[in-house]
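Okay, structure first, notes after.
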Amino acid sequence: MNISEDDFMNAPLISFAHRLTSQKGLLLMKGAIFRLFDNWDNLFPDKPMPYFIVGGPPESEEELQYLYDLKNPDYGTNKARLDHVIALKGNMPNPAIMSASTFFCAPSTYEPCGLTQGECFAKGTPIIATDTGGFHDTVVDGKTGFLAPYISEEAFYDKLVEALRMYYDK
């Protein structure tokens, strides 16, 4: 992967580093990534595309397939995604990734309390999460992160776009 100096300095880094289970919102995240890149030129013309680090330990072959799908050129229309999504299999150093990230994603479908948001807050990284469980009680939408009002790909995608608009309008 060749990252330009401009991208290195100006492109946001968005990460998703969790156990690769459906509870963590794998399908919401994948759908939002594809939609974001497919709509990029309309949403953010002339802005550097974000880089995504996505990964974690898969718990099944289906979840491993999720990582392969992110890098599959047969999906999505904007093939630039292939150079902007880094898919990693296995345990990931979440605190280091959180510190380096512009945004950390947690599109969980169920989260009783969650530690992710507290870890993000400690690293100064805004979280983009779904309004479930502990995220509901701890993430202040637009201040400490972005909270999708319901659990859907569309709602999560909308919050991802909102976060990027705030980033580029800085």
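With a probe of 1.4 Å, find how much accessible area the chain has per residue, and write the answer as a whole number in Å². Intermediate results must be reported in sequence, preceding the final value.
Values: 8290 Å² over 170 residues.
Result: 49 Å² of accessible area for each residue.
What does the charge dipole of region 59-133 about its Cα centre add up to, to the nearest 20 debye, if the Cβ of each Lys and Arg holds +1 and the Cβ of each Asp and Glu holds -1?
Working: 5 positive and 10 negative charges, 81 e Å.
For this selection, approximately 380 debye.
Please report the projected area of the chain's Cα convex hull averaged over all directions, in nm². Walk me through the intermediate numbers first.
Values: hull surface 36.6 nm².
Across all orientations, the chain yields a mean hull projection of 9.1 nm².
Going by a ≥ b ≥ c, the root eigenvalues of the Cα gyration tensor, does region 15-106 fall in the rounded group (a/c under 1.5), the prolate group (a/b larger than b/c) or the oblate group?
Details: a/c = 2.07, a/b = 1.34, b/c = 1.54.
Taking the square roots of the gyration eigenvalues as a ≥ b ≥ c, region 15-106 is oblate.
Quantify, in whole percent, the carbon and sulfur part of the accessible surface of the chain (1.4 Å probe; protein heavy atoms only). Intermediate values should be presented prior to the final figure.
Numbers: 4340 of 8290 Å².
Roughly 52 percent of what the probe reaches on the chain is carbon or sulfur.
So which chymotrypsin sites (Phe, Trp or Tyr not before Pro) in region 71-170 end up in coil per DSSP with only 11 or fewer other C-beta atoms within 10 Å? Before the final figure, lay out the partial values.
Details: sites: Tyr75, Phe103, Phe104, Tyr110, Phe121, Phe135, Phe146, Tyr150, Phe156, Tyr157, Tyr167, Tyr168; in loops: Tyr75, Tyr110, Tyr150.
Answer in residue order: Tyr150.
Please report, in debye to the nearest 20, how large the charge dipole of region 1-69 is about its Cα centre when each Lys and Arg carries +1 at its beta carbon and each Asp and Glu carries -1 there.
280 debye
For region 1-42, what class follows from the C-alpha gyration tensor (a ≥ b ≥ c being the square roots of its eigenvalues): rounded when a/c is under 1.5, otherwise prolate if a/b is larger than b/c, else oblate? Mind dumping the intermediate values first?
On the way: a/c = 3.27, a/b = 1.60, b/c = 2.05.
Because a/c hits 1.5 or more and a/b fails to exceed b/c, region 1-42 counts as oblate.
Put a dot 7 Å past each Cα toward the Cβ at Ser4 and Asp83; how far apart are the dots in nm?
0.9 nm
Calculate the FRET efficiency for Ser60 and His136 from the Cβ-Cβ distance with a Förster distance of 30 Å, rounded to the nearest 0.05.
Details: r = 28 Å, r/R0 = 0.94.
Step by step, r from the Cβ atoms, then E = 0.60.
If the elastic network links every pair of Cα atoms under 10 Å, which of Lys30, Lys47, Lys159 fluctuates the most in the Gaussian network model of the chain?
Lys47
Using a simple charge model, +1 on the beta-carbon of Lys and Arg, -1 on the beta-carbon of Asp and Glu, nothing else, what dipole does the chain show about its Cα centre, in debye to the nearest 20?
Details: 14 positive and 23 negative charges, 59 e Å.
Around 280 debye, computed over the chain.
Taking only C-alpha pairs under 8 Å that are 6+ residues apart, what is the relative contact order of region 50-170 in percent?
On the way: 167 pairs, mean separation 21.6, N = 121.
Relative contact order comes out at 18 percent.
In nm, give the distance between the simple-model label positions of Thr144 and Ala122, each being 7 Å from the Cα along the Cα-to-Cβ direction.
So the two model labels end up 1.4 nm from each other.
Helices from the chain with mean Kyte-Doolittle at least 1.0 and a Cα length along the axis of 15 Å or more, per DSSP H: which?
Numbers: long enough: 26-38 (18 Å, 1.28); 153-168 (22 Å, -0.39).
Both cut-offs are met by 26-38.
What residue among Thr21, Gly90, Gly76 has its Cα farthest toward the positive end of the dipole of the chain, where the charges are +1 on Lys, Arg and -1 on Asp, Glu, each on the Cβ?
Farthest along the dipole direction, towards plus: Gly90.
Using alpha-carbon pairs under 8 Å, 6+ residues apart, how would you state the relative contact order of region 1-120 in percent?
38 percent
Per residue of region 45-56, what does 6.51 cos²θ - 1.76 cosθ + 1.60 with θ = phi - 60° give for ³J(HN,Hα)? Whole Hz please, x for Gly and Pro, Karplus curve as stated.
x, 6, 9, x, 5, x, 10, 10, 9, 10, x, x
Say a paramagnetic label sat at a point 7 Å from the Cα of Met166, along Cα to Cβ; which residues of region 66-110 have their backbone N under 12 Å from it?
Label zone hits: 103-104.
Could you state the number of Å between the C-alpha centres of region 91-138 and region 1-69?
Each part reduced to its Cα centre gives a spacing of 15 Å.
Would you please classify the overall shape of region 92-170 from the alpha carbon gyration tensor, given that a ≥ b ≥ c denote the square roots of the eigenvalues, rounded means a/c under 1.5, and beyond that prolate means a/b larger than b/c while oblate covers the rest? Intermediate results must be reported in sequence, preceding the final value.
Working: a/c = 1.61, a/b = 1.02, b/c = 1.57.
Cα axes put region 92-170 in the oblate bin.
The values are calculated or read from the model by the stated rules, or taken from the named source; none is laboratory data. Given the structure is predicted, the values throughout are model-derived calculations rather than measurements. So basically every Cβ, Gly included, is an ideal-geometry build from the backbone, and we count neighbours across all protein chains shown. For the accessible areas, the whole protein counts, side chains as well, though only heavy atoms, and no ligand, DNA or RNA atoms are used. Shrake-Rupley method; radii C 1.70, N 1.55, O 1.52, S 1.80 Å.
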